[in-house]
Each structure stands twice: as C-alpha cells, then as structure tokens.
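Here's the structure, in structure tokens; my notes come after.
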Ligand code: HMG
Ligand code: MG
C-alpha cells in the first residue's frame, strides 16, 4: 500500500455532470450562482458546462450564456465538454482554456452516448488535440464504463487501460476514469486503477465515481491507496448520464472532502461553504441534498 498523500485535487463536475441530468430547465443565473458558490468555497477546478448537441442534451443548450456570465478568476480553472470540433470551436469562442473529450471502454455505450465507435471517437478527438496544442489549451480525457456498462456488463481492465493510454498519448494531460453507473467495488476499482497506472503516471489519472450502489467513497479510498491523487465529485451528489440507464448521482463532494480532511489530506476547500453551495442548488432543484455529511452538519 502506498503512503497517503498530503493533498488531493478535487475536480468539481456538478454544473455539467449534475445539471445535464435534470429534467427541469435551470436558469442560467442559478447555474452561475452554483459555480460562484463553488469557487467561493475554494474549489479550483470546475467543469462548468458542455458544448454538446442541444438535441442530445437540451439541459446544456445554454453553454455559451453560462460561460459568458462567469467572472474570470486566474486561480480557478473552468472547463467544458467538447465531443467534436464543433464543440471545441464553440468552447474556444466562449473563452475556455481547458476542455474535456469523452469516450468509453464500452462500444455500445459509446454509440448510445456520442453516436460513434471508440475508434471513431479518437478520429474526432485528433483535430481537437492538434488545435489545442497549437493554442495552448489543456485537454482532459474521460473514459466511461471503466467498471461496468449498462449494456455490455463487465468491462475488462485491459480495455480501460488501452483506451486511457490512447487518450494520454494523443495529448490529454489528465485521464478521468468514470464508473458511469456506479457498479464498482473497492478491489475491482483498485485492480482497474493499477492496470491503467502501468501505462499512465498516477499524477495524470483521475477517478470519477457515481454512487448508485453507495460504493463511491470506498472505491475512492481504495484508489488513493494505489496512488490516485485527483478525484472528481459533485456537490449535493448531483449527477448522472442521460444515456446510461441506472446512472444516479456522482459521489458528493461534501462526503469526499469530509473523508479526506478527516484523514489529514488537504483539498483547499472550505467544507461549510461547500455545504452551503449544495444546499442552495438543491433548493433551486427542490430536492433533498444527497450527501450524508451535508445533512449531518447542516442541521447542526
Ligand atoms: P450526431 O447527431 O451524430 O452529430 O451527434 P452530427 O455530427 O451528425 O450532427 C448532427 C447535428 O448536431 C447537426 O445539426 C450538428 O450541427 C449538431 P443539424 O445540422 O442537424 O442542425 N452538432 C452539434 N451541435 C452543438 N454542439 C456540438 C455539435 N455537434 C454536432 N458539439 C454528438 C454526435 C457527439 C454531437 C452527440 O452525440 C452529443 O452531443 N452527445 C453528447 C452526449 C452527452 O453529452 N452525454 C453526457 C456527457 S458524458 C458523461 O456524462 C460521462 C462522464 O460524466 C464520465 C462518466 O461518468 O463515465 C463524462
Ligand atoms: Mg459522470
């Protein structure tokens, strides 16, 4: 077992992964308020939206408006999904310095999510990475279904490692391993992470757990013990992919931060302010906060 780190980088995905999955229309001002609340809580990496097809994900059709309304802060890195050159160009027009491309370790999920095979997704990403390099833009890469697929079931860790390595060698500075439907358990998560870590340095690997079966915190800790230092999370446990049946919320950032701080691992995030951000957006969405830590501490 590796020694525990002094700090972990948190990538907050609620404005994108969380709000992409809401049935109701959320006003731009509420989205911007969420992003500002997160920033005020000390979150330094926020995925704020996605330049995806509005026919596929109407919830993010306001990507440009959200981006335009953000107050820029050199100390905070805002990013947005870009599935193809059209999305990348829109992200550039909106002023992003970081984008994320996304593919999967499952062929069937990829077809359902981005309407192409894994190989075709790399063809789409090639010009994005080429342009990004020229313009000094950072590109993050996601691999979905790393511990299971809603259509294909079990996924081989070796397949995850191959797709991840391809993203990394194409120029993604960070690869995020997504347990899209939250089926992973700690030993499987560790095995998958170590398999990928044979090909990519651990400081370029993020873990992205959805919490469908309540395993996300345990999975995160298991991966940290194998060298993971970057954790994706979503305030109030918002999240889910509209093209992954059964995908429920991401692990809540409040729970992750509480666990890490309790272990003496720094995140730079103010837990009370983070909880307030989660309470605010949950009120807008008219739903309970999906975080045990937030619920326990907020009522105090
Ligand atoms: P397509 O229909 O195959 O695209 O969709 P196309 O190239 O054939 O174009 C069709 C139409 O879409 C055209 O418009 C294009 O202009 C337009 P029309 O001529 O019909 O009016 N179009 C676009 N519009 C805006 N922005 C764009 C864009 N591209 C084409 N970027 C496409 C292919 C990839 C666009 C579509 O499948 C798509 O947008 N998929 C996104 C699905 C999505 O966002 N899923 C959720 C995010 S992934 C996730 O949640 C997992 C993650 O969290 C990790 C994990 O948990 O595992 C990251
Ligand atoms: Mg996700």
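Residues are listed down the side, and each one gets a yes or a no for (1) within 16 Å of ligand 1 (Cβ to nearest atom); (2) in a helix (DSSP H, G or I); (3) in contact with a strand residue (DSSP E or B) (Cβ under 8 Å, 6 or more places away or on another chain); (4) within 25 Å of residue 243 (Cα to Cα):
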residue: 163; (1), (2), (3), (4): yes, yes, yes, yes
residue: 166; (1), (2), (3), (4): no, yes, no, yes
residue: 172; (1), (2), (3), (4): yes, no, yes, yes
residue: 176; (1), (2), (3), (4): yes, no, yes, yes
residue: 183; (1), (2), (3), (4): yes, no, no, yes
residue: 189; (1), (2), (3), (4): yes, yes, yes, yes
residue: 192; (1), (2), (3), (4): yes, yes, yes, yes
residue: 195; (1), (2), (3), (4): no, yes, no, no
residue: 209; (1), (2), (3), (4): yes, no, yes, yes
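Does the range 123-149 hold any residues that are in contact with a strand residue (DSSP E or B) (Cβ under 7 Å, 6 or more places away or on another chain) and either more than 22 Å from residue 193 (Cβ to Cβ) or assigned to a strand (DSSP E or B) (or both), and which are they?
Step one: list which residues in the range 123-149 are in contact with a strand residue (DSSP E or B) (Cβ under 7 Å, 6 or more places away or on another chain), which gives 125, 128-129, 132, 137-147.
Result: 125, 128, 129, 132, 137, 138, 139, 140, 141, 142, 143, 144.
Is there a residue being part of a helix (DSSP H, G or I), touching a strand residue (DSSP E or B) at 6+ places or on another chain (Cβ under 8 Å) and at pLDDT 95 or above anywhere in the range 243-254? Full working, then the answer.
Within the range 243-254, the first condition is being part of a helix (DSSP H, G or I), and the residues that meet it are 253-254.
Now narrow it down to the ones that are touching a strand residue (DSSP E or B) at 6+ places or on another chain (Cβ under 8 Å): 253.
Subset that is at pLDDT 95 or above: 253.
Within the range 243-254 (the criterion being part of a helix (DSSP H, G or I), touching a strand residue (DSSP E or B) at 6+ places or on another chain (Cβ under 8 Å) and at pLDDT 95 or above), the answer is yes, since at least one residue qualifies.
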- line: Picked from the range 6-23 (must be in a loop (DSSP other than H, G, I, E, B), over 15 Å from residue 233 (Cα atoms) and under 21 Å from the mean Cα position of the chain (by Cα)), the residue modelled with the highest pLDDT is 22
- request: Please work out if residue 214 is within 15 Å of ligand 2 (Cβ to nearest atom) and out of contact with any helix residue (DSSP H, G or I) (no Cβ under 9 Å at 6 or more places or on another chain).
  value: no
- prompt: If you check every pair at least six apart or on different chains, which have Cβ atoms under 7 Å apart with a residue in the range 172-184 that is under 13 Å from residue 102 (Cα atoms) and touching a residue at least 60 places away in the same chain (Cβ under 8 Å) first and a residue that is part of a strand (DSSP E or B) and more than 11 Å from ligand 1 (Cβ to nearest atom) second?
  reply: 172/139
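The values are calculated or read from the model by the stated rules, or taken from the named source; none is laboratory data. Keep in mind that this is a model prediction, so the values were computed, not measured. Don't worry about glycine lacking a Cβ; one is built from the backbone with ideal geometry, like all the others, and counts go over all protein chains shown.
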